[in-house]
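Peer 1: Mind having a look at this structure? Questions to follow.
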Amino acid sequence: MYNSSVHSRIELLGQVISDLKEIENELQLASDPSLILDLTEEKSELMEELEVVGTKCMTVIEAYIQDCKDNDFPVCLDYYRVLRELRNSRIY
């Protein structure tokens, strides 16, 4: 069952990942030390944002899945897959 709140969190997560990949590509091409420093700082900030957005996304998806279970609604398997990938990507 589609949920707009879950969907928007996943889209936000995807945007942060996309931005992070873009910064990494720019870092590979950069040769100016000041640009490299700026990009490295931006990458660090994006990594922190990724952690926050990922955690919030997991929380929203877990609540959605629990709500579906409690009300006998079908769970959107795409959301479950995202949750599984988020859990697998976390370092404990």
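The values are calculated or read from the model by the stated rules, or taken from the named source; none is laboratory data. Just so you know, these numbers come straight off a predicted model, no measurement behind them. Every residue, glycine among them, receives a Cβ derived from its backbone with ideal geometry; neighbour counts consider all protein chains shown. For the accessible areas, the whole protein counts, side chains as well, though only heavy atoms, and no ligand, DNA or RNA atoms are used. Shrake-Rupley method; radii C 1.70, N 1.55, O 1.52, S 1.80 Å.
Peer 1: Given a 1.4 Å probe and every protein chain left where it sits, what share in percent of the accessible area of region 26-92 is carbon and sulfur?
Peer 2: 54
Peer 1: So what is the 222 nm mean residue ellipticity for the chain from helices alone, if each DSSP H run of at least 4 adds -39500 (n - 2.57) and you divide by all residues, rounding to the nearest 500 deg cm²/dmol?
Peer 2: It lands at -29500 deg cm²/dmol.
Peer 1: Taking only protein heavy atoms into account and a 1.4 Å probe, give the accessible area per residue of the chain in Å².
Peer 2: With all protein chains present, the chain gives 71 Å² per residue.
Peer 1: Right, here's the next one. Summing +1 for each Lys or Arg and -1 for each Asp or Glu, what net charge is found among the other residues whose Cβ lies under 14 Å from the Cβ of residue 90?
Peer 2: So the environment of residue 90 carries a net charge of 0.
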